[in-house]
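Structure record follows, encoded as structure tokens.
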Amino acid sequence: MAARKNFMGYVFTAPAIILMLVILLAPVFIAATLSFTDYSLGNSSFNWVGLENYLKMFSRSTYVKMITASVTYVFIVVPGSIVLGLGAALLIHSLRRFGDIYKTIYFLPVMASLLAMAIVWEFTLHPTIGIINKTLASGCGNFPEIFFSLGWLPFVDGSSSWYSTCCREGFPLWFGDKAYTMATICFIGIWQSFGFNMVLYLAGLTSIPRELYQAAEMDGAVKGWDRFKLVTWPMLGPTTVFVVTISTIRSFQVFDTVEAITRGGPVKSTYVMMYAIYEKAIKHNMVGMGSAIVVVFLAFVLLLTFTQRYLVERRVHYS
Amino acid sequence: MADIRLRSIEKMYGETAALCGIDLDIRDGEFLTLVGPSGCGKSTLLRIIAGLEEQTRGEVEIDGKSVNKIRASKRDLAMVFQSYALYPHLTVWQNMITPLRLRDLSSLERMPFIGRFVPGQRDKVKSLHTLAGETAHTLKLEQLLHRKPGQLSGGQRQRVALGRAMVRKPRAFLMDEPLSNLDAALRVHMRAELAELHRNLKTTFIYVTHDQAEALTMSDRIAIMIDGEIIQLGTPDEIYKNPRDRRVAEFVGSPKINILSGDVDESGNVSIMGNHTGIRIRKRIKKVHLGIRPEHFRLVNGNGATDSWPFHVTYKENLGSDFYLHGHLNGSKNRIITRAAPDEVGRITIGETVKVRARQGKPMVFCDNDCRIDVMQEAGYGSA
């Protein structure tokens, strides 16, 4: 009887389990398998190549650049979007009115399609017809150059400043110069994602009990910074862990801007993992290599999630 | 150590008045309780004293100086919140030392690492630790110092909240329903502990509660607040025995005072549903309300007594030491509760009609709009 009941239990859960296996786990498993082969789409068979794909990834400079690019992007965009998101959330939370308007405005880039926005940014930052460089150039020889080159400060040589140098030698190719491209892509990444973090932080802020701030006031926390340190930041701990994890995963997944604007260049300086997967597996039809990158990518994300789950989360939930 | 004076405090929330002209003198070292039903403005008043809310009009004076313009953190008062409001990420010890650090150390001295190199910082920190240690000892918190609030029971959290308030040796303690989150037994225990703490500290305590029992047991004086006004201010004894308003009489005392409507004849004699009460009033009105506390009824033996009222018993409540008899007089709708000793009640069954009378001098007379009417004389009736 018990065995029969047990069996029926499995029957009832089978649809869910099968769906989970087919839709969620099987693709990962297939990708992991393919990463040990030289399979190309359309081929009827493939050869096992063992760890060759992985060895390539850690020895060839292209893939080293890929990992460097992804990690750089993550390390700039995550802190940037979190600091801005938290700052915006704190400011909006302190408002009595118009908070909703600001929320909507800051959230606009999150709602907009990043691909479309990337094209807008490409135009804006175009070296010759873009509005940014035109505006900057119009300031040359005028007040903006004098002001921003800081030549008016004692002991500062204004002519060697960034602005003055650019006035003489031309303003940067934002997406063509290796020195600027990564920074520009990161800027767009931050611009696009901080609104999302802001919304998460706003939710976190509203859940802080007001009595804690009043207790802090009674205890003598006069300065805003003291209250932030004593109440706001610790109480936002769980939110921060979540925001960091989500932002990191999303930053590892950056693709739209790279594909639309730089295509991994110049000199592979923005050759991020997602773009590499796309290029290898789809464009070059090297499915085996692409799968290997997918596996490494998944490893990064899993590592992050487990770190969050087991190391950090315990420290920020206080009960 | 402070006396606190409130002068015609008013608080408006938009068009609605939460407090309408509160005048109150709180003496140095006094335990004053603000008590009233929820929504009467008692917490608002406490928060105005604390400086967490601003009054619409009126003055708050501490030690003779107006503090209207001084923010909460500079008033040197300590507050215990209903939710305790402990910092959940800090240990008990850190929670207790936080107010001291914020008061005595500059922001530079509080910085990690750098703070240690500020001259004199070590000595300051040492003295803070001594202070916090003393408080922990007084409140018997030594075993819990390294725990976080989440790992403590309600009573322990309560004590930590008290400790955090005490370490600074503030001029006065403000307590906003601090016992309402505890279970009944612990509440009774903490009542005694708080009263003892007040005796030892000799500091001004302002205590807000909706529980009249807490007010009666702990306070030096009680201010009864209803609808944004203080209706009566007095010692617990005065408030209980001599309420000047029907609402006060009804609020204080458990079970609630019995209110019976009475008729007055031309010469001022009050009768309840045809039964004489022997109470005479001078005021020339037709209707009055008679308030009699449950313990002021007496059961009368035998049927011979003519000065007693028939009481139909509908329910017997056994409290061990006492019995409460629920029922009604003369078949009226009003539910009446009387107290009786267990040995008197033994033979009474539910549904039976017994005779009761009010003890002499105890019934209180109220007019239609809650005011108290003084009794002129009581005929030699019902001598107990």
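Values quoted throughout were computed directly from the atomic coordinates according to the rules given, and no laboratory measurement underlies them. Keep in mind the model is a prediction, meaning the values are calculated, not measured. Neighbour counts run over all protein chains shown; Cβ positions are idealised from the backbone, glycine included.
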**Message:** Please give me, ordered by residue number, the chymotrypsin sites (Phe, Trp or Tyr not before Pro) of the range A:80-185 that lie in loop per DSSP and have at most 11 other Cβ atoms within 10 Å.
**Reply:** A:F98, A:W152, A:F155
**Prompt:** Near A:K268, which aspartates and glutamates are there with a Cα under 15 Å away, not counting those fewer than 8 places off in the same chain?
**Reply:** A:D177, A:E259, A:E279
**Item:** Disulfide-incompatible cysteines by the Cβ rule (no partner under 4.7 Å) in chain A
**Value:** A:C166, A:C186
**Complete:** Counting as exposed only GluC sites (Glu not before Pro) in DSSP loop states with no more than 14 other Cβ atoms inside 10 Å, the longest exposed-site-free span of chain B is B:55-265
**Asked** Under the Karplus relation 6.51 cos²θ - 1.76 cosθ + 1.60, θ = phi - 60°, what is the ordered set of whole-Hz ³J(HN,Hα) values for the range A:250-260, x standing for Gly and Pro?
**Response** 5, 6, 4, 8, 4, 8, 3, 5, 5, 5, 6
**Request:** Would you please give the residues with an amide H less than 5 Å from that of B:I279, counting only those at least 5 places away or on a separate chain, with H modeled from the backbone geometry?
**Result:** B:V270
**Prompt:** Rounded if a/c is under 1.5, else prolate if a/b beats b/c, else oblate: with a ≥ b ≥ c from the C-alpha gyration tensor eigenvalues square-rooted, which is chain B?
**Reply:** prolate
**Asked** For the range B:225-384, what class follows from the C-alpha gyration tensor (a ≥ b ≥ c being the square roots of its eigenvalues): rounded when a/c is under 1.5, otherwise prolate if a/b is larger than b/c, else oblate?
**Response** oblate
**Request:** Take every residue in peptide B:50-57, count the Cβ atoms of other chains within 10 Å of its Cβ, and give the average of those counts.
**Result:** 2
**Request:** Quick one: dipole size for the protein assembly as shown, taken about the Cα centre, charges +1 on Lys/Arg Cβ and -1 on Asp/Glu Cβ, in debye to the nearest 20.
**Result:** 780 debye
**Electrostatic dipole magnitude of chain B [Cβ: Lys, Arg +1; Asp, Glu -1; Cα centre; debye, to 20]** = 920 debye
**Complete:** Amide H contacts under 5 Å for A:M286, restricted to residues at least 5 apart in sequence or on another chain and with H modeled in the peptide plane, are A:A281
**Complete:** Set B:K256/B:K316; A:K223/B:K65; A:K223/B:K148; B:K283/B:K355; B:K169/B:K202, cut-off 18 Å on Cα-Cα distance; pairs above it are A:K223/B:K65; A:K223/B:K148; B:K283/B:K355
**Asked** Once you charge only the Cβ atoms, +1 for Lys and Arg and -1 for Asp and Glu, what is the size of the charge dipole of the range B:255-378 about its Cα centre, to the nearest 20 debye?
**Response** 220 debye
**Message:** Rounded to whole Å, give me the distance from the Cα center of the range A:185-202 to that of the range B:118-167.
**Reply:** 41 Å
**Prompt:** Which net charge results for the neighbourhood of B:I373, defined as the other residues with beta-carbon distances under 12 angstrom from its beta-carbon, given Lys and Arg at +1 and Asp and Glu at -1?
**Reply:** +4
**Proximal charge balance of B:L128 [Cβ under 12 Å; K/R count +1, D/E count -1]** = +3
**Request:** Could you tell me what percent of the DSSP beta bridges with both partners in the protein assembly as shown are antiparallel, to the nearest 5?
**Result:** 80 percent
**Request:** Give the residue from B:P342, B:V252, B:S38 lying farthest towards the positive end of the charge dipole for chain B; charges sit on Cβ (+1 for Lys and Arg, -1 for Asp and Glu) and the dipole is referred to the Cα centre.
**Result:** B:S38
**Complete:** Of the residues A:G85, B:F117, A:L236, the Cα lying farthest along the dipole of the protein assembly as shown towards its positive end, which is defined by charges on the beta carbon of Lys, Arg, Asp and Glu, belongs to B:F117
**Prompt:** By Kyte-Doolittle mean hydropathy of at least 0.5 and Cα axial length of at least 24 Å, which whole DSSP H helices of chain B are selected?
**Reply:** none
**Message:** Among A:M198, A:M57, A:M218, which one shows the highest mean-square fluctuation when chain A is modelled as a Gaussian network with alpha-carbon springs under 10 Å?
**Reply:** A:M218
